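Reading through the structure tokens given below for one structure.
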Amino acid sequence: MSNLINPPYERPYGAELARRLAEPRRFIQIVAGPRQVGKTTLVQQVTRKLDVPVRYASADDPALRESEWIAHQWDAARLQNGPGGCILVLDEVQKVANWSEFVKKLWDEDTRSGHQLKVVLLGSAPLLIRKGLAESLAGRFEILHLPHWSLAEMHAGFGFDLEEYLYFGGYPGAAPLASDPERWRRYILDSLIETTIARDILLLSRVDKPALLRRLFQLGCQYSGQVLSYNKMLGQLHDAGNTTTLAHYLNLLDAAGMLKGLPKYSGQVVRRRASSPKLQVMNTALMVALSGLDPDELHGDPEFRGRLVESAVGAHLANAASRGTCEVFYWRERNREVDFIARKGKKVVAVEVKSSRRHDALPGMQAFVAKHQPTRRLLVGADGIPVDEFLSRPVAHWIE
């Protein structure tokens, strides 16, 4: 295992945030993404470089969730507002009741009075934040979505190679624990999975069956990379619920950046929406932690490693989709399948993943090409593009 380093690595998104904050025009900057992807660290790195006062406050404390708390922080930032302006950073803002209405009121007051206060809002659950934005803040904000860390970022920040990335995934906070896999596993289970489900989903959304949502997440990690109908999921979960509830819970897990259901690629939107989803973890650390396998056991289990490789490729594509880079699907017709389809506008890229060197034919790819004429077809692994090369380049590179 390589020596882990922890330099003051700044993700590429920092330059974009700095540019936005330096512009004379004012927009509320929303920095959103899953837990533990470095939202707070990135904002602090950026604001430290700007020659203006910064006020930072977090609503993560349950005792500070009254909307008046926002007004107190806003007034304090106004007092710091000098000739060059001031930046107010509110972390975990979605946990404040009626936060969007309060932010709108205060923002509009500053706009009318000519205050140059700039505002950055951070939150762990993009869908929950987006609801407040759509209801109250239309035309006043920009979103900067931070996805899970890529292989290139984990290599730059912590020296991870492909094998370490497949096992430990893209959580920077957990990286220093990689020398102790069991301690790393407990951190992922307790500080990431449980905290995300309990604090970002159950406390902020209506979930009538919390146990079902937890079991669905576990099932998704177990079957990442596989297509399962909602009825089959209910059978696996031994629950008498309905498929609508299950689809809703999968959407909540997706919004929290944990588990996604990829739709089937089709020329008909209705068919895509009605298709069985392909379960896809957004970070391979989640499926490894729940598997209980240590690194040596992983190397001795080629089937699980193959699933990790496919899930890592899928997560790379799905995280790009969460930022709006592309849309991601799978394709299946009868017994033929293509692992992933990435689409941006009229460009369609078919991606097949092979974790071994076996020279198997790709009947699914051949059938898809004959029917849909994609812009590009990619084989990742085997004799195609090396897995580490595919994961180290942004998805836009493979589409454009």
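Observations, loosely collected:
- Assuming charge only on the beta carbon of Lys and Arg (+1) and of Asp and Glu (-1), the dipole of region 17-175 about its Cα centre is about 540 debye to the nearest 20.
- Degrees, to the nearest 10: 68-80 long Cα axis against longest axis of the chain: 60 degrees
- Of all DSSP beta bridges in the chain, antiparallel share, percent nearest 5: 40 percent
- Cα gyration tensor category, rounded, prolate or oblate, for region 168-209 with a/c compared to 1.5: prolate
- Restricting attention to region 13-145, the count of lysine pairs at 8 or more positions apart or across chains with alpha carbons under 24 Å apart stands at 15.
- Percent RCO, i.e. relative contact order, over region 190-251, from Cα pairs under 8 Å lying at least 6 residues apart: 33 percent
- Helical runs assigned H by DSSP (4 residues or longer) give the chain a calculated mean residue ellipticity at 222 nm of -13000 deg cm²/dmol, each run adding -39500 (n - 2.57) before division by the residue total.
- For H248, H145, order by how many other beta-carbon atoms lie within 10 Å, fewest first: H248, H145
- Taking the Cα centre of the chain as origin and assigning +1 to Lys and Arg Cβ atoms and -1 to Asp and Glu Cβ atoms, the resulting dipole is close to 1600 debye.
- Dipole axis of region 151-399 (+1 Lys, Arg; -1 Asp, Glu on Cβ), positive-most option in Q236, T375, W398: T375
- F368, F102 arranged by Cβ crowding within 10 Å, fewest neighbours leading: F102, F368
- Cross-link partners of K209 among aspartates and glutamates (Cα-Cα below 18 Å; sequence separation of 8 or more within a chain): E194, D200, D239, D254
- Eligible lysines near K347 by straight Cα distance, threshold 22 Å, same-chain separation 8 or greater: K264, K278, K371
- Cβ-placed point charges (K, R +1; D, E -1), dipole of region 259-347 about Cα centre in debye, nearest 20: 1000 debye
- Neighbour counting of Cβ atoms within 10 Å sorts the residues S355, S113, fewest neighbours leading, into S113, S355.
- Shape class for region 13-145, computed from the alpha carbon gyration tensor (a ≥ b ≥ c): rounded, with a/c under 1.5.
- The Stokes-Einstein estimate for the chain, based on a Kirkwood radius over Cα pairs and taken at 20 °C with 1.002 mPa s viscosity, is a diffusion coefficient of 96 µm²/s.
- Gyration tensor (alpha-carbon) shape descriptor, region 211-253, a/c threshold 1.5: rounded
- Length-normalised contact order of the chain in % [C-alpha pairs under 8 Å, at least 6 apart]: 15 percent
- Across region 266-400, the mean sequence separation of Cα contacts (distance under 8 Å, 6 or more residues apart), normalised by length, yields a relative contact order of 20 percent.
- Listed by chain and number, the aspartates and glutamates whose C-alpha is less than 12 Å from the C-alpha of K344, apart from same-chain residues fewer than 8 away, are E327, E400.
- Stretch gain in nm, segment E303-L202, where the contour uses 0.36 nm per residue and the Cα spacing is subtracted: 33.0 nm
- From phi via Karplus (6.51, -1.76, 1.60), per-residue ³J(HN,Hα) for region 136-147 in Hz, x at Gly/Pro: 10, 10, 3, x, 10, 9, 10, 10, 10, 8, 9, x
No lab work stands behind these numbers, since they all come straight from the coordinates. All values reported here derive from a predicted model rather than from experimental measurement. Cβ coordinates were reconstructed from backbone atoms using ideal geometry, including for glycine residues, and neighbour counts include every protein chain displayed.
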